[in-house]
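Below is one structure, written out as structure tokens; comments come after it.
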């Protein structure tokens, strides 16, 4: 009988581990998307782990093998959505060369994501985090890391704009977080007032606020 070499045994073990990790990653993604629909339909508080397993089409045991509980699923959902928001904002900002144009384009992409997904906006607002406060947004490491990337991207735009004389002098990181807080207030009001105002109206109002809050006198009317 042939005896497998240590090298071939190691390769098989590595292949099994890779397959297991891929399977778990697929389950995690499946659960996140099922959770988004279940939370939107029933609310976060009323949705149990049993409901999430059923919605994802997996057993409760499999669900607990990839997530420890509902809090971890909520965190994974927020992380996933924040990555999408960050990617959309970066794409919009990258299409603009001037700092002010990049800031406004990124803001429109950011707002559009939430305005097109009012159910997720409600969930994100109900989470109770203050979007511009580091301590609040970094309560969980994974979500906090993505949020931090977004703040850094905005801060870099503010730094360029300050150097170009477009934005008033200030701490770029603080200016970035102030902008996020402003967007939270505007989106919260939009939702609480019935989510009826057209998207372009919300975006235009945000642009006016951003110009007034951050731009130099000359840049406000450009």
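Overview of values
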item	result
Residue match in the stretch 194-208 (condition: assigned to a helix (DSSP H, G or I), touching a strand residue (DSSP E or B) at 6+ places or on another chain (Cβ under 7 Å), buried (at least 20 other Cβ atoms within 10 Å of the Cβ) and assigned by TED's automatic domain parsing to the domain that holds residue 93)	no
Residue list for the stretch 16-36, filter: exposed (fewer than 13 other Cβ atoms within 10 Å of the Cβ) and either at pLDDT 90 or above or within 17 Å of residue 121 (Cβ to Cβ) (or both)	26
Selection status of residue 57, in contact (Cβ under 8 Å) with a residue 12 or more places away in the chain and at positive phi	yes
Residue within the stretch 88-97 that is surrounded by 14 or more Cβ atoms within 10 Å (Cβ to Cβ) and more than 21 Å from the chain's Cα centre (by Cα) present	yes
Residue, nearest to residue 132 (Cα to Cα), within the stretch 212-222, restricted to residues that are at pLDDT 95 or above and crowded, with 18+ Cβ neighbours inside 10 Å	214
Within the stretch 123-136, tally of residues that are assigned to a helix (DSSP H, G or I) and surrounded by 19 or more Cβ atoms within 10 Å (Cβ to Cβ)	2
Only one of 139, 143 that is part of a loop (DSSP other than H, G, I, E, B), outside the structural domain of residue 25 (by TED's automatic domain parsing) and more than 24 Å from residue 208 (Cα to Cα)	139
Helices (runs of 4 or more DSSP H) wholly inside the stretch 43-102 that include at least 2 residues being in contact with a helix residue (DSSP H, G or I) (Cβ under 7 Å, 6 or more places away or on another chain) and closer than 14 Å to residue 123 by Cα	70-94
The stretch 209-220, residues that are in a helix (DSSP H, G or I) and closer than 16 Å to residue 98 by Cβ	210, 211, 214, 219, 220
Counted residues, the stretch 152-187 - those being over 16 Å from the mean Cα position of the chain (by Cα), touching a residue at least 60 places away in the same chain (Cβ under 8 Å) and in a helix (DSSP H, G or I)	4
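The values are calculated or read from the model by the stated rules, or taken from the named source; none is laboratory data. All values derive from a computational prediction rather than experimental measurement. Cβ sites come from the backbone with ideal geometry, for glycine too, and all protein chains shown count toward neighbours.
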